[in-house]
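**Q** Following this message is one structure expressed as structure tokens.
The values are calculated or read from the model by the stated rules, or taken from the named source; none is laboratory data. What you see is a predicted model; the values in this text were computed from it and never measured. Cβ placement follows ideal geometry from the backbone for every residue including glycine, while neighbour counts extend to all protein chains displayed.
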Amino acid sequence: MNPRTKIKHVRALVAKGGEGGGGADYHDQGEGHWIDNHIATSMGRYPEYRQSRKSFGINVLGTLVVEIECEDGTVGFAVTTGGEPAAYLVEHHFARFLEGRDPFDYETIWDQMYFASQYYGRKGLVVNAISGVDLALWDLMGRLRGEPVYRLLGGAVRNELQFYATGARPDLAKEMGFIGGKLPLLHGPIEGDEGLKKNVAWLAEMREKCGPDFWLMYDCWMALDVHYATRLAHACQPYGLKWIEEAISPDDYWGYQQLKKQVPPGMLVTTGEHEATRWGFRMLMEMECCDLIQPDVGWCGGVTELLKISAMADARGIMVVPHGSSVYSYHFVITRHNSPFAEFLMMAPKADHVAPMFHPQLLGEPVPFNGRMNVSALDKPGFGVELNPAVKLRRPYVRN
């Protein structure tokens, strides 16, 4: 393969809607899945949207697949969320900054995509689309060089990854070899003191089942205010809560700054899953909003931007533990000393066994065994995964 080949085509595809089944839009699960079962959200103030996150539309966007094809026929691809709106942006705006270009000019390509869309973007859906393009570029570069992405990022700094598990059954996660378990918070402020007591009781139950040394964390998914989050943190202190995650709105930097000062000593405040770009994370770090940042490489700007975010964090002694994102974060985490462990989302409906995060859309997606993954599992060109031909994709905005 010719490493100096030019980009010929950019294609944006979406998964066929209306069938559920996960993929990059991993919230799009069937009935009864733990990921959609009475989890606290900022929409919990409305009774009709309290039981299910899908009821208020968490799964409306769907999966975006970006394919970048070179003149020599080499194709790199990546998946993220964004669906048809993001596909429109890729085809009708961002493709102009790629087609005819050297794929290794990823810095210029990222810069042009971001600043060309700054007047309507900066975060959210637009940066999701940019992230998908950027990840596809890194996959393409790895395939052109015949090397895994982690080697393009400087090589592994350890021989294996170790994981904590996010899911409804940390007690089962411990049996599977994970170093910790992160629970979804089930009850928000609108459910009052009774809901708070239930949250603490569930943590206490899991602590009893998991023993004193297993990490337990709470994922609050932007559902709380500073007062409630502070009360929850102190109520959970006797049960060894390691961290409280994304407790309040991602735009409330001042609230995070206040919360970090008010939690019990030794308890970490973490956030960043829904933050984007080096500027957003600079705000979190300079205002001392948290102890650990959690960018999602499929949402924060891709690998190109995550490298910048991580460098800023490293200079401040802040850990970077990316949110989920499977192989797209594994190749990054294995190369960074300030990313000492990784998150694994338990996609099994009952969180009772290990299942690939982006099933069924990806083939060859590695998963941890006994809570760990040897670097050899990542030793394939690019990100080392392929699209499942059995999953129907369509290209809503055909240009060429």
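**Q** Across the range 375-400, which residue is surrounded by the most Cβ atoms within 10 Å (Cβ to Cβ) among those that are touching a residue at least 12 places away in the same chain (Cβ under 8 Å) and among the polar types (S, T, N, Q)?
**A** Per the criteria, the residue is Asn388.
**Q** Checking the structure you have, find out if any residue of the range 367-374 is surrounded by 17 or more Cβ atoms within 10 Å (Cβ to Cβ), polar (S, T, N, Q), closer than 22 Å to Val149 by Cα and modelled with pLDDT of 95 or more.
**A** Among the residues of the range 367-374, not one is surrounded by 17 or more Cβ atoms within 10 Å (Cβ to Cβ), polar (S, T, N, Q), closer than 22 Å to Val149 by Cα and modelled with pLDDT of 95 or more, which makes the answer no.
**Q** Identify, please: which residue in the range 89-129 is over 23 Å from Arg395 (Cβ atoms) and basic (Lys, Arg) and is, among those, surrounded by the fewest Cβ atoms within 10 Å (Cβ to Cβ)?
**A** Of everything passing the filter in the range 89-129, Arg122 is surrounded by the fewest Cβ atoms within 10 Å (Cβ to Cβ).
**Q** Given the range 131-230, what helices (runs of 4 or more DSSP H) lie entirely inside it while holding 1 or more residues that are closer than 30 Å to Lys6 by Cβ and not aliphatic (A, V, I, L, M)?
**A** Ranges flagged: 149-152.
**Q** Output yes when any residue across the range 32-53 is of a type in the set (A, V, I, L, M), outside any helix (DSSP H, G or I) and more than 29 Å from Lys198 (Cα to Cα), and no when none is.
**A** No, the range 32-53 has no match at all.
**Q** Which residues, counting only those in the range 253-290, are under 18 Å from the mean Cα position of the chain (by Cα) and outside any helix (DSSP H, G or I)?
**A** Within the range 253-290, Val269, Thr270, Thr271, Gly272, Glu273, His274, Glu275, Ala276, Cys290 qualify.
**Q** A further question follows. Out of all the residues in the range 27-48, which are among the aromatic types (Phe, Trp, Tyr) and closer than 17 Å to Lys182 by Cα?
**A** Trp34
**Q** Given the conditions (1) under 16 Å from Lys198 (Cα atoms); (2) of a type outside the set (Ser, Thr, Tyr); (3) part of a loop (DSSP other than H, G, I, E, B); (4) without any contact (Cβ under 8 Å) to a residue 60 or more places away in the chain, which single one is not true for Pro250?
**A** It is condition (1) that Pro250 fails.
**Q** Would you mind finding the one in Leu185, Leu172, Leu144, Leu203 that is more than 22 Å from Asp36 (Cβ to Cβ), at pLDDT 95 or above and surrounded by 17 or more Cβ atoms within 10 Å (Cβ to Cβ)? I'd like the intermediate steps shown before the answer.
**A** On the way: Leu185 fails: more than 22 Å from Asp36 (Cβ to Cβ); Leu172 fails: more than 22 Å from Asp36 (Cβ to Cβ); Leu203 fails: more than 22 Å from Asp36 (Cβ to Cβ).
Sole residue among the options that is more than 22 Å from Asp36 (Cβ to Cβ), at pLDDT 95 or above and surrounded by 17 or more Cβ atoms within 10 Å (Cβ to Cβ): Leu144.
**Q** Among Leu144, Leu137, Leu152, Leu183, which is the only one that is without any contact (Cβ under 8 Å) to a residue 40 or more places away in the chain, within 28 Å of Ala95 (Cβ to Cβ) and not basic (Lys, Arg)?
**A** That would be Leu152, the only listed residue that is without any contact (Cβ under 8 Å) to a residue 40 or more places away in the chain, within 28 Å of Ala95 (Cβ to Cβ) and not basic (Lys, Arg).
**Q** How many residues are among the acidic types (Asp, Glu) and under 19 Å from the mean Cα position of the chain (by Cα) when one looks only at the range 359-385?
**A** 1
**Q** Does at least one position in the range 101-121 carry a residue that is closer than 24 Å to Leu387 by Cα, touching a Leu at 6+ places or on another chain (Cβ under 9 Å), assigned to a loop (DSSP other than H, G, I, E, B) and in contact (Cβ under 8 Å) with a residue 60 or more places away in the chain?
**A** yes
**Q** I'd like to check something: does the range 232-245 contain any residue that is within 30 Å of Gly124 (Cα to Cα) and either assigned to a helix (DSSP H, G or I) or at pLDDT below 95 (or both)?
**A** Checked against the condition, which is being within 30 Å of Gly124 (Cα to Cα) and either assigned to a helix (DSSP H, G or I) or at pLDDT below 95 (or both), the range 232-245 yields at least one hit.
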